[in-house]
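A short write-up of the structure that comes next.
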Amino acid sequence: MESENLTIGKALKFARHDFLNELQLMLLYMDLGKMPEARKALLEATERMRHVSMLEKLRLPKTEIWLSTFEWRHTAFSKKLQCNITAGTWTANDDAVSDYLERLICVIEEAVNPMDEYIVHIAVKATEDHWSIQLKIEGTLTGSPTLPQTDGGFEVSGILQDKLWTFTLSGQ
């Protein structure tokens, strides 16, 4: 399950495809006269986009791109993103954070069963002087992956349980 290089063209193609799928779902509900379901689908799509757009406040562009395009490159996982970011000043090295996230998910991919479903809950939080990115992976993972070494500038912790693995990157 190797991650492929994602070009701008491919990213736009994936984004258009996802957007059209969501519009088609809403249209289907409307055609069936299920207005509450159509409204719910619209509100859920709007909320997802609000969280993705909030990533810009993190001011880590490579990390923002990694988080935004995660499930297009790592198809073994579905993603649920939650952001609560207050603009601030952090000393995080964007290259180091995005590279670490990629190395971490590659290690985790080695422990997944391609026949199972995996959901990654990503919570990005930042205050004026502290930030964190937490990945909670739901699904049965095999083995005990070793956390990659950090290049410094942020801390990493991992809690490995049977069907819920939690990894947190944090820094100031």
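The values are calculated or read from the model by the stated rules, or taken from the named source; none is laboratory data. Remember, it's a predicted structure, so these values are computed and weren't measured experimentally. Using ideal geometry, Cβ is built from the backbone for each residue, glycine included, and neighbour counts are taken over all protein chains shown. We work out accessible area using only protein heavy atoms, side chains counted, and drop any ligands, DNA or RNA first. Shrake-Rupley method; radii C 1.70, N 1.55, O 1.52, S 1.80 Å.
Key figures
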| read-out | value |
| --- | --- |
| Answer label, with Cα extents along the principal axes in Å calculated from the coordinates and candidates (i) 54, 40, 31; (ii) 52, 36, 27; (iii) 43, 37, 34 | (i) |
| Subset of 57/136; 40/62; 79/163 violating a 26 Å alpha-carbon distance limit | 40/62 |
| Estimated vicinal HN-Hα couplings, Hz - the stretch 115-130 in sequence order (Karplus 6.51, -1.76, 1.60; Gly, Pro = x) | 8, 9, 9, 10, 10, 10, 8, 10, 10, 10, 10, 7, 10, 4, 10, 8 |
| Segment residue 110-residue 25, length gained on full extension (0.36 nm per residue, minus Cα span) | 27.3 nm |
| Coil-residue GluC sites (Glu not before Pro) of the stretch 1-107, DSSP, other Cβ within 10 Å capped at 11 | 2, 4 |
| Nearest-10 value in Å² for the accessible area of residue 51, using the 1.4 Å probe | 10 Å² |
| DSSP bridge orientation in the chain - percent antiparallel, rounded to nearest 5 | 70 percent |
| Rounded percent of accessible protein surface that carbon and sulfur make up, the stretch 27-142, 1.4 Å probe | 54 percent |
| Solvent-accessible surface (1.4 angstrom probe) belonging to residue 89, in square angstrom, nearest 10 | 110 Å² |
| Accessible area per residue, Å², the stretch 1-148 with all protein chains present, probe 1.4 Å | 61 Å² |
| Loop-located trypsin sites (Lys or Arg not before Pro) in the stretch 1-70, at most 14 other Cβ atoms within 10 Å (DSSP) | 34 |
| Charged-residue dipole, Cβ positions (Lys, Arg, Asp, Glu), the stretch 1-102 about Cα centre, Debye nearest 20 | 340 debye |
| For the stretch 51-147, with +1 on Lys and Arg beta carbons and -1 on Asp and Glu, the positive-most of 77, 114, 53 along the dipole | 53 |
